[in-house]
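Engineer: Following this message is one structure expressed as C-alpha cells.
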Number of protein chains: 2
Amino acid sequence: MSTVSDQSGATSAPSPAPPAPLGRPPKLSSRGRFSAPIGTSNSETTDIPELEYFGAPGPRGYPPLTDFLDIWDVDMMKRPDESNKIEHHTTLYHSDYLIVRRGQEFEIKITFNRPYKPNEDKFAVEFVIGSSPAISKGTYVPVFPKKEKQSSWRGRIKETSDNIVTMGLTPIADCIVGKYNMYVAVQTPFGTRRTRKDDSRAVYILFNPWAADDAVFLDDEKERQECVMNEVGIIYHGAYDDISERDWNYGQFNFGVLDACLLVMDRSEMPITNRGDPIKVTRKASAMINSRDDDGVLVGNWSGDYTYGVAPTSWTGSTDILLTYASTKMPVCYAQCWVYAAVFNTFLRCLGIPSRVVTNYFSAHDNDGNLRTDIILDENGRVDRNRTRDSIWNYHCWNECYMSRPDLPQGFGGWQVVDATPQETSDGMYRCGPASVQAIKHGDICYPFDAAFVFAEVNSDVVYYSRKKDGTMQLIKVNRTHVGRMVLTKAAGEVTRRDITDNYKFSEGTSEERTVLEKAEEYGCKRENSNPPLADVDVILPTLEIGVGDDFELNLEFVNRSDQRRTVGTYISGSVVYYTGVSSHEFLFRTPTVTIQPQGSVTESVMIESKNYMHHLVEQANLNFIVTGKIKETGKIVTSMKVITLHNPKLLVEVTGNAIVNEEMIARVEFTNPFTHTLKDVEVRMDGPGVMEHKKRLYSLIPGGTSLTWTEMFTPQRAGKTRVFATLDCPGLRQVSGQASINVKP
Amino acid sequence: MSTVSDQSGATSAPSPAPPAPLGRPPKLSSRGRFSAPIGTSNSETTDIPELEYFGAPGPRGYPPLTDFLDIWDVDMMKRPDESNKIEHHTTLYHSDYLIVRRGQEFEIKITFNRPYKPNEDKFAVEFVIGSSPAISKGTYVPVFPKKEKQSSWRGRIKETSDNIVTMGLTPIADCIVGKYNMYVAVQTPFGTRRTRKDDSRAVYILFNPWAADDAVFLDDEKERQECVMNEVGIIYHGAYDDISERDWNYGQFNFGVLDACLLVMDRSEMPITNRGDPIKVTRKASAMINSRDDDGVLVGNWSGDYTYGVAPTSWTGSTDILLTYASTKMPVCYAQCWVYAAVFNTFLRCLGIPSRVVTNYFSAHDNDGNLRTDIILDENGRVDRNRTRDSIWNYHCWNECYMSRPDLPQGFGGWQVVDATPQETSDGMYRCGPASVQAIKHGDICYPFDAAFVFAEVNSDVVYYSRKKDGTMQLIKVNRTHVGRMVLTKAAGEVTRRDITDNYKFSEGTSEERTVLEKAEEYGCKRENSNPPLADVDVILPTLEIGVGDDFELNLEFVNRSDQRRTVGTYISGSVVYYTGVSSHEFLFRTPTVTIQPQGSVTESVMIESKNYMHHLVEQANLNFIVTGKIKETGKIVTSMKVITLHNPKLLVEVTGNAIVNEEMIARVEFTNPFTHTLKDVEVRMDGPGVMEHKKRLYSLIPGGTSLTWTEMFTPQRAGKTRVFATLDCPGLRQVSGQASINVKP
C-alpha cells in the first residue's frame, strides 16, 4: 500500500519525490473528499424506484392494493398548438418534448384509476435532473397539489373531470435550466408508488425573459422578440465610416440545437446546480464556445489557411456548427470573432437568455497586460515595425446578454458583455464576462467579470513615441478617440443598425467622460496623461469606397496651421492588413518631401494600382495606409492612419414565387467573376431561416469574366418575414454575399 | 488550399462541418492575429546583437575604433557579503546570481578601457527579459547614467576611479519580477556596441516588501521577517478546541527553489509582462500549485491510498516537491490542503510577496453553488445520509498574502486570501483569490476574486431539515456559528499561534455582524433567515483528548430547560470521518430513550472501545459523533455534533551538541509502537531548516511495543534559531511528529 521498498531501516539520501506515473497526473480521487459525486451532466440520469417502502410490513403483511390511487396515464400537453408551448413562447422549437420556461405555470393531465379524492389521496409530481438528485440542491423537486404543502415549485389542481386531473405546475423562477425527467408519485399506506421513467415525459425548462422574477426578465416585448425569438440576424463589419453587413442564421429553434447547447454545458463539466444562474451559465459558455483550454465548440484561425476546415467567412449560420460539435464531440474548424459571437448568440437565445451580437469598431486588444497601444517611430518619423507590437482590430464582435446582477451593487444589471473569442489575458483563461455595460460606461471596472478588459477595448489610448538613436523614447502624440470609435448592433424589429456607442461611453469632451476616465485610472487602468505639443501640420486621409481590383488615387491633404512655411519629410506606407490590424505585406512605400505655405494646404496624390496589392490581399481585403513624417523647421512628428476596406463584388439573390406557406418557390443566386484571373475551389452557400435548409455547392473553377447561376426550389413551412441569403468564399476571394427578403403569408 | 472536392458544380446536401482532424484541435495559429509572439517564458531569451549600426558608413567608410569607450569587465557585486545582497535581504538565497528587489538601488562596477568622460561618452546598462523584448512592455529596459536622460528605471554614477565606474541602478517598483539578462552598451559614432550575453551577469529581480512604492510593501519589520524571511513555519490542524501543530520547512532560499518558482510561471504560460503585478501572479499561482486544468505542481488525493506517491501527511517541507516538479515537469503526488498552502507559501515568500498559512476551523466547502450546508433528518430525527450532501471540513488551510489592491476601491488592500487547494466551483477553475480579507469581513463580496466563495467558507449556515414521509421538508434548526469557528496563523517572530478570526468576522451578535450578513445577502449570498422555535432540550457533547487506540467513555449530557418532563427518542451515531467531514464508517449506533425531569439533566454514557474503531481509522483519526432525537412530548427535534481528533503517539526528537556554526551535532529520533499490532511500511523523515538537509528512512516493520531509534550527525552552517523536526507515516498510522528547537551560535 506504499511505494517504500522493503529495506529494513536502510537510509536513503534526500531523494526527489515521485512524479505522477505514466506522464499524466492521475485524476483527483473524490473518495474522502466528497460524500457524493457532483453532478455535471444533464444527460446522465438516475432511476428513481417505482416503489419505496416505508418500512417492514405489519404483522399481517401488506394491505391489499384495492382502492388505492394508481396512475394510468400522463399527458404532457406538448403539441405546438396546445397552450403550454404557446404561452411559454416555445412553439418554434423543433422538438418532440415539452419545452417550457421557469417562473411561469404550465399544465399536465394525469389520468388516475379512479376519481381523485382531495381529502384522502396524496400524490406529487416529481422533477429530477442529473445523476445525483437532492432536494436541497434543486435537482429533485416534488410538487404537491395542495396549497398548504408546497415545495419551492408551486402546484395546483386546475380542473378535475372523472378520473382526469389537470395540474398546474410553476417551476421557481431561479430553478436549474435543462432537461428534467418527470414522475408522478402516489402515496399508499405501505409506501410510495411512482410512474416508470419515460423519456417522452421529459421536460425542458428554460430561462424566461417574460417572467418578472427571472434574473433574465426583459420588460420590452419588441426586444424580447428580437433578442430571444429572432432566428435571423445581421452582424456588422467593415469600417466605422464604411459599414458592411453579414446575414446570419442563428437557428436556435432548429432540431437538435437545444440538445447541443445542453451538451456544451455537460462537456464543460459545469455542475448541474449552477445551471439556473445566468451569470455562471454565460461565463462558462464564453469559455466553452471556443476550443481553447476545454475542447469547446470552435477552433480559432486567423491565418488565411483553412485547408482542414471551413473558412470563417464561409459560414452562414450556427446550426451546422453546433450539430457537428454535438455529434463528433470535437471542436469545429474554423472561427473568427463574428463566428464565435454568432454561435454564442444561438446558445443564449436557445436557452432563453436575451442576447445580441455587437460590433466595436477599432477594438483595442490587450495582448499582454498593457492597456495602452504604443506605436514607435524612429527619429525621422518612420514606423519601427519591430518595436511596435500591439494591434487594434478594425472591428471586433462580442455579445451582450440581458440579466440582473445580484452579485453587484444596484445599478449594474441590464446588458452584460460576454465574449467567446479567445483573448489572451482575460484573467488567464480564454473567456470574458459577463461585464456590466453600465459599469464599463461609468468606469466602475473593479467589478467582475473582466470589466477592465472590455473598458480597454473601447477606451484605450493610442500612444506614439519617437525612439532616438541612443535608445531614449519621446512621447509625441496621444490619440484618445481612435479606439472604440463606434459600437453597433441590429435594431430590434428592424433590418437596420442601431448605434449603441452611448451605452458604452459618455460623449467625448464631456465632464462625465473625464470623471469616468479618472475613476478607471484609480482602478488600475493605465492611461497616458501627458499632452505633448501637437505638430502644426495635419495630414488628412480620405474616406474611399473602392472595389476589390480597382485602381484608385489616394489624395493626402497636408494642412499647415502655422504662420510659417513648413516642409515635411514624409513616409507614406500602404500595407495589406488582417482585420485584426496585423500587417501582412507592405505594397507601397514613398518618401516625398512636401512643402506647405503658411495657413495653406497641399494635396499629395498617390496612384494605387490593383496589380500591386491584388496578389497580397488577405481575408477581408483591408488596406492600411500610414502617413508619418518630420517637420524640418520644428522637428515635430506628424502621423495619420487610415484603414480602407475594399468592397467585394456582390452575389445576386432573387426569390420568385407566391410566398405562401407550403407553396413552392425558387431562389436564384448569380455571380460573375469580375477579375481577369480564375477563382478556384469556390464554395457557395445558401440559407433561408425558417423556409429553406442550409445548402452548399462547390465550383472548382470560375474563369475570369464568367458567371454562375444556381437555382434552388424550396417550400416555406412557416409564415412571417425572413431572408434568403448566400455567401461565396474561396481562397482568392472571401466574404462575398447577397440576400433577398421575403414575407411568407399563411 | 481548401477542403472542397474537385466536383464541378455538383450539389452536396447540407453536410456537417468538418471537425478538427486527428482528435485534437489544432493549435490556434497566431498568424494574422498577433504582430509578434507573446512572451510567456522567462527561460527563453533572445540574443541582442553586439553591434547595431546606425546606417550605411560615410564616404570614407567607418571611422577608426581608437579612443572610443570600450567595456572590459562588469562586476555584478553579487557575493553574499557585498552590499547588494545584504541591503536587498537576499543573502540567504543559495544562488550564484545577483538577486535584488525592485524599487531599491543596487550597484555594479563597470571597467572601461579608459576613464569615462561624462560629457562625451554615452553608455547604457540594458536589462532584457523573455524572448520578445520591447521597451513599451518593460521587457527591454535601458538605464542611463545621466539625470536628464532617464528611462523608467533610474541610473546614476555613484563613484568613478580610474577606468572603473560604480553605477547605481534602481528598477522601477512595479517592474516585471524574474530573471533578466544584463548588457552594457556604449555608443560609438558608427553604432551601438554592447557586451556579449553572459549568464553570470543575469539578475533576478524580486518583489520588495521593504520598498514603499512596491504593491507588496509591508511596513512592519517583524511581519516581514516572518512572512518573507522565515523558512520554518507551523501549520495548525486538529480541532478548534484541541489544536494540533505541524512543522514545515518552507525552504524558499534553498538551491534551485527560486528557479523552480519561475518555472511554475513559465509552465502556466503566463505572459512575462504580467509578472510584475502581484494580483495576477498570485491568482495564476493559485491555479498552478494544483495540477488540475494545467498540469501544475501538486496532485490532490484524499482517498487514503497513496500507493503511487508520497502520503500528504508524510511531507516535512516544500523543497523536494518544487525541485521534483522542476526536474520532471510533471505534477507531484500527493497533496491535501496544508501541502498546497505550504508549497504556495514557499512560492510567495521566495518571490518576495509576504505570505502566511492560515487555518480555518469548520470550513464550509461550496461543492456545487449552494452556499448553505443542509443536513436532512428523517421524521424520527435520524440523519438521512443519502440526502445529506455537503461536508464541512474539520479545518482547511489557505494562504494570506499582503499587497495593495489598485483594482478595487480604497480600503481593500492588505492581506488577501489565496487558495491553491482545488475547489469545485471557484469560478469554474481550480484556483481561488486574491480575495481581500477586509472585503470578506465587511461583506463586500462583490469584488474580485472569489470573495463570495471565501465569505461562505467562514460564514455559512448549517441548516437542519426534517423530511416527512410524503417528501415535504421542515426546517428545524439553523446553526449560524458552527462554520468558521476560528482562524489561526503562526504569530510573527514567535513559535505560538495567533487567533485572527477577528480579521474575517465581527463578533457574533454585534450590530456590525448583522449589517455584514445583510450586505452579503444583497450580493447573492444565500442564508437561511427563519428562526424555527428551538427544542427545549439540549444535548451537550464533551471535549475530550483521547489517544489513538484508547478506550474511552463518551458522556452525553441531556439538559431539560422546560418545566415539564421530557422523553427523547435518541439516535447516537459515531463515525470515522476524513478531515473533509466525509464519513467513512459508522462504528457506533445506539437508540436509547432518555427521560429528563423538569429543569433537570441526565448523563447518558457510551463506552467507546478502540477495537470498534481502530480498524476503520482513516488518515487523521477523526471520530464524528452525532446525537439527534425527537422529544416525544413536543415532537421537536434535538441535534448535536462533535468531532474528536484522536491524538497520535509522539516522536521523540532530541538534539545534542554545542549548537555552534560548523560544529557537529547529533539528532536522535525515537518512536515506540504503542499498539499491539505491527506497523508496516513506515517512513520516517527528519528535517532541520538551515542546519540539516531533509532525510528519509524506511522501516518495513515495527512490531507492536517495539521501538526504533535513528541517530543522525549534522553540522549547522548558519547561526540563528531553528528547529529539527521529524514525521512518521505509514498506512496504519499517519501524522506522527516531533520536534526540538535549537539556537545556533555563530
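The numbers here are math on the coordinates, done by the rules we state, and not lab data. Small disclaimer: the values here were computed from a predicted structure and weren't measured. Reconstructed Cβ throughout: ideal geometry from the backbone, glycine too, with neighbour counts over all protein chains shown.
Engineer: Give me the percent relative contact order of region A:166-301, please, defined on Cα pairs under 8 angstrom at least 6 residues apart.
Structural biologist: Numbers: 152 pairs, mean separation 24.0, N = 136.
Relative contact order of region A:166-301: 18 percent.
Engineer: Counting only pairs 8 or more residues apart or on different chains, how many lysine pairs in region A:468-605 have their Cα atoms under 22 Å apart? Please list the in-between numbers first.
Structural biologist: Numbers: A:468/A:477; A:469/A:477; A:477/A:526; A:490/A:505; A:505/A:519; A:505/A:526.
So the count works out to 6.
Engineer: Here is a follow-up. Describe numerically, in nm with one decimal, the distance between label points set 7 Å from Cα along Cα→Cβ at residue B:495 and at residue A:557.
Structural biologist: The answer from the label model is 8.3 nm.
Engineer: Assuming R0 = 35 Å, can you tell me the calculated FRET efficiency for the pair residue B:543 and residue B:599, based on Cβ-Cβ distance, to the nearest 0.05?
Structural biologist: Values: r = 25 Å, r/R0 = 0.70.
Here the calculated transfer efficiency is 0.90.
Engineer: Using the Cα centre as the reference, give the magnitude of the dipole from point charges on the C-beta atoms of region B:250-356 (Lys, Arg: +1; Asp, Glu: -1; all else neutral), rounded to the nearest 20 debye.
Structural biologist: Values: 9 positive and 9 negative charges, 66 e Å.
So the dipole magnitude of region B:250-356 works out to roughly 320 debye.
Engineer: Mind checking which of A:377, A:151, A:667 is farthest towards the positive end of chain A's charge dipole, using Cβ charges of +1 (Lys, Arg) and -1 (Asp, Glu) about the Cα centre?
Structural biologist: My answer, from the dipole projection, is A:151.
Engineer: Then there is this: Limiting things to C-alpha atoms, what are the Rg and the maximum Cα-Cα separation (Dmax) for region A:434-477, in angstroms?
Structural biologist: Here Rg and the maximum Cα pair distance are 15.9, 46 Å.
Engineer: Can you pull the mean other chain C-beta count within 10 Å for peptide A:676-685?
Structural biologist: Working: counts 0, 0, 0, 0, 3, 6, 3, 4, 1, 1.
Counting other chains' Cβ atoms within 10 Å and averaging over A:676-685 gives 2.
Engineer: Further question: Considering only chain B, pick the residue with its Cβ nearest the axis of the rotation onto chain A, and state the distance in whole Å.
Structural biologist: Measuring from each Cβ to the axis, the minimum is at B:448, 2.
Engineer: Suppose only helical runs count, i.e. DSSP H with n ≥ 4. What mean residue ellipticity at 222 nm does that imply for chain B under -39500 (n - 2.57) per run, divided by all residues and rounded to the nearest 500 deg cm²/dmol? Don't skip to the answer; put the middle values down first.
Structural biologist: On the way: 11 runs with 90 residues, N = 746.
Value at 222 nm, helices only, nearest 500: -3500 deg cm²/dmol.
Engineer: Another one. Given chain A, what whole percent of its Cα pairs are spread farther than 34 Å? It would help to have the intermediate numbers written out before the result.
Structural biologist: On the way: 159604 of 277885 pairs.
I get 57 percent for the Cα pairs in chain A exceeding 34 Å.
Engineer: Here's another thing I want to ask about it. Among A:256, A:635, A:707, which residue has its Cα positioned farthest towards the positive end of the charge dipole of chain A, with +1 placed on the Cβ of Lys and Arg, -1 on the Cβ of Asp and Glu, and the dipole taken about the Cα centre?
Structural biologist: In chain A, that residue is A:256.
Engineer: To the nearest whole number, what is the average tally of beta carbon atoms from other chains within 10 Å of the beta carbons of peptide A:273-284?
Structural biologist: Values: counts 6, 6, 1, 1, 2, 0, 1, 4, 0, 0, 2, 2.
Across the residues of A:273-284, the mean count of other-chain Cβ atoms within 10 Å is 2.
Engineer: Suppose each label sits 7 Å from its Cα in the direction of the beta carbon; what would the residue A:163-residue B:117 distance come out to in nanometres?
Structural biologist: Computed distance between label sites residue A:163 and residue B:117 equals 11.4 nm.
Engineer: Taking a label point 7 Å from Cα toward Cβ, how far is residue B:524 from its twins in the other copies, in nm, shortest first?
Structural biologist: So the label point of residue B:524 gives 2.0 nm to the other copies.
Engineer: Loop only by DSSP, 13 or fewer other Cβ within 10 Å of the Cβ. Give me the GluC sites (Glu not before Pro) in region B:99-147 that pass, ordered by residue number. Please list the in-between numbers first.
Structural biologist: Working: sites: B:105, B:107, B:120, B:126; in loops: B:105, B:120.
Answer in residue order: B:120.
Engineer: Under the 0.36 nm per residue contour assumption, what length would be gained going from the current alpha-carbon distance of residue A:75 and residue A:219 to full extension? The partial results should precede the final answer.
Structural biologist: On the way: separation 144, 0.36 × 144 = 51.84 nm, distance 3.23 nm.
The residue A:75-residue A:219 span can extend by a further 48.6 nm.
Engineer: To two decimal places, what compactness ratio does region B:652-744 give when its Cα radius of gyration is scaled by 2.2 N^0.38 Å? Could you put the intermediate results ahead of the total?
Structural biologist: Values: Rg = 14.1 Å, N = 93, 2.2 N^0.38 = 12.3 Å.
Working it through for region B:652-744, the quotient is 1.14.
Engineer: Right, another one. Provide an ascending nm list, one decimal, of label-point separations from residue A:509 to the equivalent residue in each further copy; define each label point as 7 Å from Cα along Cα→Cβ.
Structural biologist: Reported distances to equivalent positions: 6.4 nm.
Engineer: Treat every Asp and Glu Cβ in region A:51-206 as -1 and every Lys and Arg Cβ as +1, leave all other atoms uncharged, and give the resulting dipole magnitude about the Cα centre to the nearest 20 debye. Walk me through the numbers before you get to the answer.
Structural biologist: Working: 23 positive and 20 negative charges, 80 e Å.
In debye, rounded to 20, region A:51-206 gives about 380.
Engineer: Let me ask another. Which residue, chosen from B:459, A:500, B:111, occupies the Cα position most advanced towards the positive end of the dipole of the protein assembly as shown, where the dipole is computed from +1 (Lys, Arg) and -1 (Asp, Glu) charges on Cβ about the Cα centre?
Structural biologist: Projecting each Cα onto the dipole axis, the largest value belongs to B:111.
Engineer: Right, something else. Cut-off under 19 Å on the C-alpha distance; same-chain residues fewer than 8 positions from residue B:85 excluded. Which lysines are left, in chain and number order?
Structural biologist: Candidates past the 8-residue exclusion: B:109, B:158, B:179.
Engineer: A further question follows. Sorted from shortest, what are the nm distances separating the label point of residue A:719 from equivalent points in the other copies, each placed 7 Å from Cα along Cα to C-beta?
Structural biologist: The answer, with the shortest distance listed first, is 9.8 nm.
Engineer: Same structure, new question: Would you mind giving the average projected area, over all directions, of the Cα convex hull of region B:51-206 in nm² with one decimal?
Structural biologist: Working: hull surface 39.7 nm².
Projected area, direction-averaged: 9.9 nm².
Engineer: Under a Cβ-only charge scheme (Lys and Arg +1, Asp and Glu -1), can you give me the dipole magnitude of the protein assembly as shown about the Cα centre, in debye to the nearest 20? Don't skip to the answer; put the middle values down first.
Structural biologist: Working: 164 positive and 190 negative charges, 83 e Å.
It works out to roughly 400 debye.
Engineer: Equivalent ellipsoid semi-axes for region A:211-271, as square roots of 5 times the alpha carbon gyration tensor eigenvalues: give them largest first, rounded to whole Å. Mind dumping the intermediate values first?
Structural biologist: Numbers: eigenvalues 143, 76, 33 Å².
Result for region A:211-271: semi-axes of 27, 20, 13 Å.
Engineer: Sum up the charges of everything whose Cβ sits under 11 Å from the Cβ of residue A:156, counting Lys and Arg as +1 and Asp and Glu as -1, but leave residue A:156 out. The partial results should precede the final answer.
Structural biologist: Values: positive: A:146, A:147, A:154, A:158; negative: A:105, A:107, A:159.
Charge balance in the 11 Å sphere: +1.
Engineer: A further question on this structure: Just the projected area, averaged over all directions, of the convex hull on the alpha carbon atoms of region A:227-523: how many nm²?
Structural biologist: Numbers: hull surface 66.6 nm².
Hull-based average projected area comes out at 16.6 nm².
Engineer: Relative to the first principal axis of the alpha-carbon coordinates of chain B, what is the inclination of helix B:319-328, with its axis defined by its Cα atoms, in degrees from 0 to 90 and to the nearest 10?
Structural biologist: Relative to chain B, helix B:319-328 is tipped by roughly 60 degrees.
Engineer: For a label point 7 angstrom out from the Cα of residue B:709 toward its Cβ, which stretches of region B:649-671 have the backbone nitrogen within less than 11 Å?
Structural biologist: Label zone hits: B:668-671.
Engineer: So, one more: Please list, in order along region B:265-276, the HN-Hα scalar couplings obtained from phi with the Karplus expression 6.51 cos²θ - 1.76 cosθ + 1.60 (θ = phi - 60°), rounded to whole Hz, x for Gly and Pro.
Structural biologist: Whole-Hz 3J(HN,Hα) from phi for region B:265-276: 5, 4, 5, 7, 6, 6, x, 3, 5, 8, 7, x.
Engineer: Another one. Rounded to the nearest 0.05, what FRET efficiency do residue A:380 and residue B:410 give with R0 = 41 Å and r taken as the Cβ-Cβ distance? Could you check?
Structural biologist: Numbers: r = 46 Å, r/R0 = 1.12.
Here the calculated transfer efficiency is 0.35.
Engineer: Another question, if that's okay. With a sphere of radius 13 Å drawn around the Cβ of residue A:309, what net charge do the other residues whose Cβ falls strictly inside it have (Lys, Arg +1; Asp, Glu -1)? Intermediate values should be presented prior to the final figure.
Structural biologist: Details: positive: none; negative: A:305, A:320, A:683, A:729.
Cβ neighbours under 13 Å give a net charge of -4.
Engineer: On full extension of the chain, what length is gained from residue B:609 through residue B:717, given 0.36 nm per residue of separation minus the C-alpha to C-alpha distance? Walk me through the numbers before you get to the answer.
Structural biologist: On the way: separation 108, 0.36 × 108 = 38.88 nm, distance 4.94 nm.
That works out to 33.9 nm of additional length.
Engineer: Net charge around residue B:744, counting only other residues with Cβ within less than 10 Å of its Cβ (Lys, Arg = +1; Asp, Glu = -1)?
Structural biologist: On the way: positive: B:718, B:721, B:745; negative: B:663.
It works out to a net charge of +2.
Engineer: Indicate the gyration tensor shape class of the protein assembly as shown (rounded, prolate or oblate), computed on the Cα atoms with a ≥ b ≥ c the square roots of the eigenvalues: a/c under 1.5 is rounded; otherwise a/b larger than b/c is prolate and the rest oblate.
Structural biologist: Working: a/c = 2.26, a/b = 1.14, b/c = 1.98.
It is oblate, given that a/c is not under 1.5 and a/b is not larger than b/c.
Engineer: Using the Cα atoms of region B:537-647 to build a convex hull, what is its mean projected area in square nanometres? Let's see the in-between values first.
Structural biologist: Values: hull surface 25.9 nm².
Answer in nm², one decimal: 6.5.
Engineer: Mind checking the mean number of beta-carbon atoms from other chains within 10 Å of the Cβ atoms in B:308-315?
Structural biologist: Numbers: counts 8, 9, 5, 3, 0, 0, 3, 1.
That average works out to 4.
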